[in-house]
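Remarks on the structure that follows.
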Amino acid sequence: MKSILKTAALVLTIAFTAVSCSSDNDNDSGNSGTGSRDVKYEITGNYTGKMDVTYMEKSGAPLIEDVTTLPWTKEFTADADSDGALVHTGGYGGVAGQTLTAKVYIGGKVVSELTGKADSDGIIVVHPKTYIFPR
């Protein structure tokens, strides 16, 4: 089950990244505007099941890690050729109604955040919006 969950998370991450990196020229006023590439991912909540997190690391490649304790954080400065920042978390074996919140910080400012709730089977998936670095 764990292998299937990790494979599904990786496929979803790549799919969401491909869709969110489409060519668009709108100036998102929600961006930090600082041009910062300092990234922080944060996962918090009361979920007690088995969890993993998929995120874009500093070069822009997706990585998967098991989450053994909450809160979970990862900080780095993204490479100049990295397109954006993305974090996705999920788990199974929790209790219905338990929550996870995933946040993406750029330059110390929250640019994407989403809270999810475990379903009646104790399964949870949280995928906040992908942040695209301004060019």
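The values are calculated or read from the model by the stated rules, or taken from the named source; none is laboratory data. These figures come from a predicted structure and were not determined experimentally. Cβ sites come from the backbone with ideal geometry, for glycine too, and all protein chains shown count toward neighbours. Heavy atoms of the whole protein, side chains included, go into the accessibility calculation; ligands, DNA and RNA do not. Shrake-Rupley method; radii C 1.70, N 1.55, O 1.52, S 1.80 Å.
Scan I124, I106 and give me the residue that is closer than 15 Å to Y47 by Cβ and open to solvent by less than 40 Å² (accessible area, probe 1.4 Å).
Exactly one residue qualifies, and that residue is I124.
Going through the range 67-91 one residue at a time, which ones are touching a strand residue (DSSP E or B) at 6+ places or on another chain (Cβ under 7 Å), open to solvent by 60 Å² or more (accessible area, probe 1.4 Å), farther than 17 Å from I132 by Cβ and among the hydroxyl-bearing types (S, T, Y)?
If the condition is that a residue be touching a strand residue (DSSP E or B) at 6+ places or on another chain (Cβ under 7 Å), open to solvent by 60 Å² or more (accessible area, probe 1.4 Å), farther than 17 Å from I132 by Cβ and among the hydroxyl-bearing types (S, T, Y), then T73 is the only one that fits.
If I ask for residues that are touching a strand residue (DSSP E or B) at 6+ places or on another chain (Cβ under 9 Å) and at negative phi, which ones from the range 120-134 would you list?
D121, I123, I124, V125, V126, H127, P128, K129, T130, Y131, I132, F133
Here are some residues: N25, N31. Which one is within 21 Å of E113 (Cβ to Cβ), assigned to a loop (DSSP other than H, G, I, E, B) and modelled with pLDDT under 80?
Sole residue among the options that is within 21 Å of E113 (Cβ to Cβ), assigned to a loop (DSSP other than H, G, I, E, B) and modelled with pLDDT under 80: N31.
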